[in-house]
1. Which one, Q65, Q183, Q129, has the greatest fluctuation when you compute a Gaussian network model over the chain with C-alpha springs under 10 angstrom?
2. DSSP loop (so not H, G, I, E, B), at most 14 other Cβ within 10 Å: list which trypsin sites (Lys or Arg not before Pro) in the range 276-355 pass both filters.
3. What does the charge count around I245 come to, taking other residues whose C-beta lies under 14 Å from its C-beta (Lys +1, Arg +1, Asp -1, Glu -1)?
4. List the relative contact order of the range 133-210 as a percent without decimals, with contacts defined as Cα pairs under 8 Å and 6+ residues apart.
5. Please identify, among A167, A32, A297, the residue showing maximal mean-square fluctuation in a Gaussian network model of the chain using a 10 angstrom Cα cutoff.
6. Using 0.36 nm per residue of separation minus the Cα-Cα distance, give me the extension gain between H90 and E152 in nm, one decimal.
7. Rounded to the nearest 0.05, what FRET efficiency do D351 and T3 have when you use their Cβ-Cβ distance and R0 = 45 Å?
8. Report, by chain and number, residues whose modeled amide H sits under 5 Å from the one on R143, excluding near sequence neighbours (fewer than 5 apart, same chain).
Amino acid sequence: MPTAFDPVDLAGTRLANRIAMAPMTRSRADGAARTPTPLVAEYYAQRASAGLIVTEGVQPVPGGQGYPDTPGLHSREQIAAWREVTDAVHARGGRIFAQLMHAGRIGHPDLLDGDLHPVGPSPVAAAGQVFTHEGPKDFVTPRALTGEQVREAIDGFAAAARNAVEAGFDGVEIHGANGYLIQQFLASGSNHRTDEWGGPVEHRVRFATEVVKAVAAEIGPERTGLRVSPAGTVNDIAETDTEEIYQALLAAIEPVGIAYLHVLETGPERRPLTLDLRKRFAGTFVLNPATEGPTGAESLALVEDGTADLIAFGRLFIANPDLPARLRAGGPYNPLDETTMYGGDHRGYTDYPAL
């Protein structure tokens, strides 16, 4: 079996190794334009030794923003700014996909321009709070999308995917995990619809399926990935029929032939479902495995035993820009400064040293 340090073909794109940088929100986009800055370009370029970088969540439409200072991919200015990022990563031999994330009901009107308001499949508010520039605020009840607005949201993902390719990205990852809009449609706790987008499992997977089809039609299935978090409870999501949901979803998207499936494992007890999804999915399988702490070197064995084709690392990649080299050498690893995770300047962002 191959090791995590061997190259791999991702639907025609050669990756230098099987170590992926997981998508992680860092909230360092520039002001009202929601554009990545030169500091963002440096941050990702420092981590270009990853086989695959998946960016922080990028809102495909203005109303999809869920957190302060997160970047978008829906304006000409944003496309130009992201081009600086992708050029910097490619100059160092890296590969980078943009994660398209519509937060749905997770957000607050204070984070959105004009009269925009968080939306969802149904007017069901999530329990909890969201960070804003004025401090934490309770989640609001979202406006339920009309049938026409559902189609507009799907079109928004496709347009953002086209913008991503124009900006130089090697592809996009559709964020269907962590309680954001796509998973809100999948889960019966947040989807109370009785039309073609809700109710039985085959209806609840329709939104995710249509987004995947639209993006793949726009930029090609070989440039399209999907992230899911089966049985995840982040952002007050509640799935009552997890196995049925994801088996039905994979059956629906299988004919599309997307490049990869990225599974965020939500607990060690979910490994049987992970293995089932691995068996059902024909493309490259990326796994962010369930671990007691941050994903570490011990998870590399999951490539060798065939559980996954790539392993995604999160927090360890924040503090260790040259993580593949450190994993190969057995460390040492820089400690993570959690106080600088979200927002701020270069501190805790681009000042972590390489070996």
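Since every read-out is calculated from the coordinates, none of them should be taken as a lab result. The structure displayed is predicted, hence computed values, not measured ones. In this analysis, Cβ positions are derived from the backbone assuming ideal geometry, glycine residues included, and neighbour counts consider all displayed protein chains.
1. Of Q65, Q183, Q129, the most mobile in the Gaussian network model is Q129.
2. Details: sites: R278, K279, R280, R315, R326, R328, R347; in loops: R347.
Counting only loop positions with at most 14 other Cβ atoms within 10 Å, the trypsin sites (Lys or Arg not before Pro) in the range 276-355 are R347.
3. Values: positive: R204, R206, R270, R280; negative: E202, E239, D241, E243, E244, D276.
Net of charged neighbours comes to -2.
4. Details: 46 pairs, mean separation 15.2, N = 78.
That works out to 19 percent.
5. A32
6. Details: separation 62, 0.36 × 62 = 22.32 nm, distance 3.24 nm.
Between H90 and E152, full extension yields 19.1 nm more.
7. Values: r = 31 Å, r/R0 = 0.69.
After rounding to 0.05, the efficiency reads 0.90.
8. Under 5 Å from the amide H of R143: V119, G120.
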